[in-house]
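What follows is a single structure, written as C-alpha cells, with notes after it.
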Amino acid sequence: MRTLTCIIVVVSLFACSDKRPKENLIRYYVVGSTSRITEDTTNAKNIQADPADELIAQDFFKHNKKDHVVKVYTSDNHAPVDGGRLYYTLDSLGIIYERSTTWPGFSRLKTNNDSINDLISQAFAHILQNPKLWTYRPKLLNSIPLMIDK
C-alpha cells in the first residue's frame, strides 16, 4: 500500500509541473527623473536618432571584446527655442539617454536583462570619462561669449 501511495504522489508531482517553455522576452523601460517608468516591449532599435538632428560627437569603446559606438546628437538646429533635446545613442541599442537642452529632467533606457544593463552602464562610464562626449553648448549660449573661451 505504501508503494502504491508513493507512486501516486510522484506521478501527481510530475503531472503538476509546468511544461511550458520559459519566455525570455527582453523588456525595455524608459526611466526618467520624474519617477515615471514607461515600458516599451517592442525592440529598442525602434528608438533611433532623428535624421534631421545634428551629430555632435562620437567615440568607440570595447565591452566584452566587442567594439561599440556612442554618438551624441542634438535637435537644437531645427527645434523650437525651448524644444531642443540632447541624446546619446549606442550602436546596438538606439537611444540610451536623453534630456532637454532647456528644461530639467532626463530619461534613460533600462532592461530586464543584466547583460544589456551592464553594456548601458559601461556606455555611461565611457561617456563620463570622455570630455568630447559631454561638451555641448545650446544655441542660446553660442551667441554669448564665455570667459573660458578667451
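The number of residues in segment 68-81 that are touching a residue at least 24 places away in the same chain (Cβ under 8 Å) and charged (D, E, K, R) comes to 1. Taking interchain pairs and intrachain pairs at least six residues apart, which have beta carbon atoms under 7 angstrom, with the first residue in segment 51-67 and surrounded by 11 or more Cβ atoms within 10 Å (Cβ to Cβ) and the second among the hydroxyl-bearing types (Ser, Thr, Tyr) and outside any strand (DSSP E or B)? Every condition considered, the pairs that remain are Asp53/Ser75; Ile56/Tyr136. Of the residues making up segment 108-130, those that are buried (at least 18 other Cβ atoms within 10 Å of the Cβ), in contact with a Phe, Trp or Tyr (Cβ under 8 Å, 6 or more places away or on another chain) and closer than 11 Å to His63 by Cα number 2.
Taking strands (runs of 3 or more DSSP E) that do not extend beyond segment 11-116, which have at least 2 residues that are modelled with pLDDT under 80 and more than 18 Å from Lys132 (Cβ to Cβ)?
Values: elements: 28-32, 37-40, 54-63, 66-74, 85-90, 94-100, 106-111.
Because the criterion is at least 2 residues that are modelled with pLDDT under 80 and more than 18 Å from Lys132 (Cβ to Cβ), the strands (runs of 3 or more DSSP E) in segment 11-116 that meet it are 37-40.
The values are calculated or read from the model by the stated rules, or taken from the named source; none is laboratory data. Computed from a predicted model, the values in this text were never measured in an experiment. All Cβ positions, glycine included, derive from the backbone under ideal geometry; neighbour counts span all protein chains shown.
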